[in-house]
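The values are calculated or read from the model by the stated rules, or taken from the named source; none is laboratory data. Predicted, not measured: the structure shown is a model, and the values here were computed from it. Cβ atoms come from the backbone with ideal geometry, glycine included; neighbour counts cover every protein chain shown.
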Amino acid sequence: MISEPPKSSRTVLLHYHLFKNAGTSLDSMLKKHFAERWVTEEFAHQNGNNTAKVEDWIRDLPDALVFSSHTAIGPLPQVEGVQIIPVMLLRDPIKRIISAYTFERQQEVDNWGANLAKSTDLAGYVRTRLDTRGDRQCRNFQTSRLAPFAPGDAPEVDRAIAGLEMINTRGLIGLVSHFDHFVDALVIRVRQIDPDFDADAVRANVSKTQDAPLDSALLDMLVRANHDDVAVLEKARNLLAVG
C-alpha cells in the first residue's frame, strides 16, 4: 500500500532573541500583528542544546505562528509537518556590551548582572564578566549562540559562521545597524505565514550607548575578547551585502 504524503500543516517563525540586539523591537512588531499567535518561552541550557524542548514547545502549540526565546540553543528544531524559519539579529559586539551594561544598570531587578552593573563602572563590569568561568556575555557572545547550529569538532568561530550561513539560507539574519533593511526583508518572509503582515519599525527597550571614546585599555580588552564576534559580523555583512 502506498502511504499518503505527509500533510503540510504550517510555517512558523522562530526568533532567537539575543540580549541587547533589538530583539524587543522585533518582538513588539510581531506581537502587535499576531497577538496571541505570538508566544515566548525560556529554557534551561542543558549543556548547550535544548532543541528537543523547543521542538516540544512548537509541537504543543499548534495555533502559534511566531515563537520567541532568549534561551533557545542548539541545532535548528525539526518538527514533522512544520517549516521553521529561524530569525536572528546581530550587532557590533562592543556596542552590544556597552548597551547591555547600560541596560543592566537601569534594571530594577535583583540578579547578578544587574547588581554587578550597578556596583561598578563599565571596565569593572567587563573585567568581572570576562573573569567569570562560563560567562559569555562579554566574550564572543554571538559566536557562542551561533555555533550550536553546527555541532561538531570544528573551531567555534567556524561553526558559528556555518550556523550564520544556515540561518541566512533557511531564515533571516539581520543587523541592528541596518534595522530598516532587516524589516523590509522580514515583511517578505513573514508573508509566507500571513499574507496580510505589515510592520511598523518600532524601537522598544532601547538604551542609549556610551558616546564618549572608550579607555584604550578597555577597548583593547574588548576587541581581543570578541575577535570571533567581529569575524562573524563581517561575514554577516558580506552575506547581506551591506557596509
Within the stretch 154-202, residues being modelled with pLDDT under 95, of a type outside the set (A, V, I, L, M, F, W, C) and either touching a Leu at 6+ places or on another chain (Cβ under 6 Å) or not in a helix (DSSP H, G or I) (or both) number 8
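How many residues are on the phi > 0 side of the Ramachandran plot and crowded, with 16+ Cβ neighbours inside 10 Å if we restrict to the stretch 112-143?
Qualifying residue count, the stretch 112-143: 1.
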If we take the stretch 37-127, then strands (runs of 3 or more DSSP E) inside it with 1 or more residues that are more than 18 Å from the chain's Cα centre (by Cα), of a type in the set (Val, Ile, Thr) and more than 19 Å from Phe19 (Cβ to Cβ) are 82-90
The correct count of residues that are within 13 Å of Asp229 (Cα to Cα) and either among the β-branched types (Val, Ile, Thr) or touching a His at 6+ places or on another chain (Cβ under 7 Å) (or both) in the stretch 143-175 is 3
Q. Could we say that Ile73 is under 16 Å from Thr40 (Cβ atoms) and touching a strand residue (DSSP E or B) at 6+ places or on another chain (Cβ under 7 Å) here?
A. no
Restricting attention to the stretch 144-177, the residues that are on the phi < 0 side of the Ramachandran plot and more than 15 Å from the chain's Cα centre (by Cα) number exactly 12
In the stretch 80-104, residues that are aromatic (Phe, Trp, Tyr) and surrounded by 22 or more Cβ atoms within 10 Å (Cβ to Cβ) total 1
Among the residues of the stretch 18-30, is any at positive phi, out of contact with any Lys or Arg (no Cβ under 8 Å at 6 or more places or on another chain) and assigned to a helix (DSSP H, G or I)? no
With the first residue restricted to the stretch 77-88 and required to be over 17 Å from Ile193 (Cα atoms), and the second required to be among the aromatic types (Phe, Trp, Tyr) and outside any loop (DSSP other than H, G, I, E, B), Cβ contacts under 8 Å at 6 or more apart or on different chains are Met88/Tyr16
